[in-house]
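A.B. asks: Supplied in structure tokens, the structure appears directly below.
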């Protein structure tokens with residue numbers, strides 16, 4: 001009965017979305033306040049109905065209602081409660097319901113807290129959001145219904161994929177979807193502005209918080225997925241350049257560009273056309289990611305589904321929304337004239353260069369991701385594009401971006417004196433070069449990757465501190481430090497996010513340049529050395545978990561004869577799925593990780609063991625956390641909570657043609 005109510009609520013939500021998609025658009029066109037006002041309650045009802053549907057599905061998983069096909073395929077009565085709940089979105093149908101739930105949540109949030117927006121813009125944005133929701137309601141109801149019943153329910157379910165039975169994967173998809181779907185708001189604002197023919201400074205300020213929130217969620221989601229891959233899969237890596245990883249990374253790059261581009265629209269009323277285009281493309285790449293994950297056209301270990309029918313439906317959604325938005329953009333682009341004029345050396349120019357680097361980097365990732373598909377379709381050749389291509393093609397853009405960021409952040413608007421701007425940064429540059437030289441002299445190999453990463457990280461972190469201090473004015477050091485607390489939170493957010501990027505760059509470069517690996521057959525009681533450490537396999541035992549059987553090693557980690565840590569690597573087998581998984585045991589430290597994986601037993605009584613010494617690995621996720629915190633600090637700035645301040649008269653904008 002609960003499942004049927006959930007199905008009915010989903011249908012009601014779809015009909016509400018249809019009303020919200022049509023009535024406010026007509027009202028905005030005719031300037032009928034009553035019709036425009038329909039958008040707000042409709043958005044709220046749409047969210048409530050979708051939430052009720054999602055909770056009905058969650059209830060079915062919690063109580064193990066195996067008469068529901070989705071529950072029987074993705075749950076089991078012995079699963080811990082956390083994984084019963086995460087099983088709701090650990091499959092195609094449930095994850096799509098979560099997708100549309102978040103979509104309606106963003107629309108409802110705009111309806112509830114967008115009272116300071118012009119009524120026509122808000123009505124049109126909510127209508128566009130409803131059209132997106134309606135498309136995905138149709139996709140769920142016609143191709144991916146999560147509420148299908150089984151005629152003969154099984155005694156128990158098949159269980160969730162063991163790789164997904166992990167806390168990191170329980171929270172990774174919701175955060176990722178909050179980012180993916182959050183970019184729909186930037187898209188809706190962009191299309192609404194194109195319909196009105198009006199893009200001004202106020203629009204830049206309205207769209208920025210939504211984009212920044214989506215970027216923060218994407219950052220957290222990507223970091224959680226990377227961390228999960230690192231400790232759960234047992235291969236010791238944090239990024240594989242898998243198509244689905246790239247599918248989340250490409251919108252992240254474009255969202256970062258959009259956040260910076262919207263600043264120029266807000267402050268200088270320039271880059272209007274480019275910012276609108278970025279808003280369209282950022283959400284477009286989110287839809288491309290959905291297509292990659294669910295169509296099966298590109299092989300990936302992360303894929304949810306391999307169904308051509310679903311793939312064609314999503315491709316149609318992508319074509320309609322991207323094609324329609326780009327057509328509207330082409331028709332309106334000439335109306336979005338730039339008002340602000342700026343010199344070659346200015347903050348505007350630095351932000352343009354920032355956008356170019358991020359957009360081209362996204363394009364490089366996109367080409368590498370789809371090239372196997374292009375090669376197979378047009379050249380009848382099967383090939384794969386792996387990490388060597390991405391590392392070589394992508395890294396230079398990030399190096400240049402890291403180098404220009406501290407300078408660009410300090411340049412004045414309109415026109416600047418480069419020598420005067422860079423003078424305060426000279427100590428930061430000297431320190432970065434000195435630390436890079438120290439890293440070069442201490443490393444055993446001669447790779448430039450480690451020293452370059454140290455330089456960029458130091459340059460970004462110290463440069464951000466110099467930027468913050470430069471905003472405290474003149475006077476004694478004590479008085480300037482006192483003014484730090486009164487700086488706008490957006491300034492602190494920018495410095496924190498840029499510093500986080502620097503910390504992540506150091507972590508990635510240090511790990512890739514200085515990692516050491518040891519693979520051997522280890523014997524109980526026989527110590528062996530890996531780098532500066534000594535490891536002893538004391539014992540191997542069989543341990544029974546709630547829904548798995550584990551072969552668990554007992555390993556002692558020593559350094560200079562002194563105890564460091566006790567490690568327990570596991571190899572688990574889940575009987576329901578008859579699927580083994582590897583559980584690495586990691587001694588986390590600030591400057592390095594010791595990472596141990598146990599493998600199969602050998603005929604001579606030994607066990608295969610892999611040991612990695614991984615320098616600065618935790619700096620990768622610390623930097624991601626700092627970037628996310630920087631975004632949150634910026635969002636908490638009163639200027640963005642108030643949005644655009646006073647509304648501008650229609651004449652202040654760009655007239656529609």
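A.B. asks: Taking the conditions exactly as written (outside any helix (DSSP H, G or I) and closer than 27 Å to residue 257 by Cα), does residue 117 satisfy them or not?
C.D. replies: Working: outside any helix (DSSP H, G or I): yes; closer than 27 Å to residue 257 by Cα: yes.
When the stated conditions are applied, residue 117 passes them.
A.B. asks: Give 68, 57, 25 a once-over and let me know the one that is touching a residue at least 12 places away in the same chain (Cβ under 8 Å) and over 28 Å from residue 576 (Cα atoms).
C.D. replies: On the way: 68 fails: over 28 Å from residue 576 (Cα atoms); 57 fails: over 28 Å from residue 576 (Cα atoms).
Answer to the selection: 25.
A.B. asks: Among the helices (runs of 4 or more DSSP H) lying completely within the range 424-520, list those that include at least 1 residues that are in contact with a strand residue (DSSP E or B) (Cβ under 7 Å, 6 or more places away or on another chain) and closer than 26 Å to residue 394 by Cβ.
C.D. replies: Working: elements: 426-442, 449-470, 477-484, 489-514.
Answer list for the range 424-520: 489-514.
A.B. asks: Tell me which residues, restricted to the range 106-138, are closer than 24 Å to residue 294 by Cα and free of Cβ contacts under 8 Å to residues at least 60 places away in the same chain.
C.D. replies: Residues satisfying the conditions do not exist here.
This table checks each residue for (1) buried (at least 17 other Cβ atoms within 10 Å of the Cβ); (2) modelled with pLDDT of 95 or more; (3) over 24 Å from residue 188 (Cβ atoms); (4) outside the structural domain of residue 276 (by TED's automatic domain parsing).
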position: 332; (1), (2), (3), (4): yes, no, no, no
position: 336; (1), (2), (3), (4): yes, no, no, no
position: 346; (1), (2), (3), (4): yes, no, yes, no
position: 362; (1), (2), (3), (4): yes, yes, no, no
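A.B. asks: If only one of 88, 100, 128 is buried (at least 22 other Cβ atoms within 10 Å of the Cβ), touching a helix residue (DSSP H, G or I) at 6+ places or on another chain (Cβ under 9 Å) and not in a helix (DSSP H, G or I), which one is it? Walk me through how you get there before you give the answer.
C.D. replies: On the way: 100 fails: not in a helix (DSSP H, G or I); 128 fails: not in a helix (DSSP H, G or I).
When all the criteria are applied, what remains is 88.
A.B. asks: Failed condition for residue 382, given (1) outside any helix (DSSP H, G or I); (2) touching a residue at least 40 places away in the same chain (Cβ under 8 Å), with all others met?
C.D. replies: (2)
A.B. asks: Further question: Residue pairs, Cβ under 7 Å, 6 or more apart or interchain, first in the range 139-155 and in the same structural domain as residue 76 (by TED's automatic domain parsing), second in a loop (DSSP other than H, G, I, E, B). List them.
C.D. replies: From residues that are in the same structural domain as residue 76 (by TED's automatic domain parsing), the pairs are 149/67; 150/67; 153/66; 153/67; 154/66.
A.B. asks: Quick one: which residue in 175, 142, 137 is modelled with pLDDT of 90 or more, crowded, with 24+ Cβ neighbours inside 10 Å and assigned to a helix (DSSP H, G or I)? Step through it out loud before you land on a result.
C.D. replies: Numbers: 175 fails: crowded, with 24+ Cβ neighbours inside 10 Å; 142 fails: crowded, with 24+ Cβ neighbours inside 10 Å.
The match here is 137.
The values are calculated or read from the model by the stated rules, or taken from the named source; none is laboratory data. Predicted model only: the values in this text are computed from it and were never measured. For neighbour counting, all protein chains shown are included, and Cβ atoms are generated from backbone atoms with ideal geometry for every residue, glycine included.
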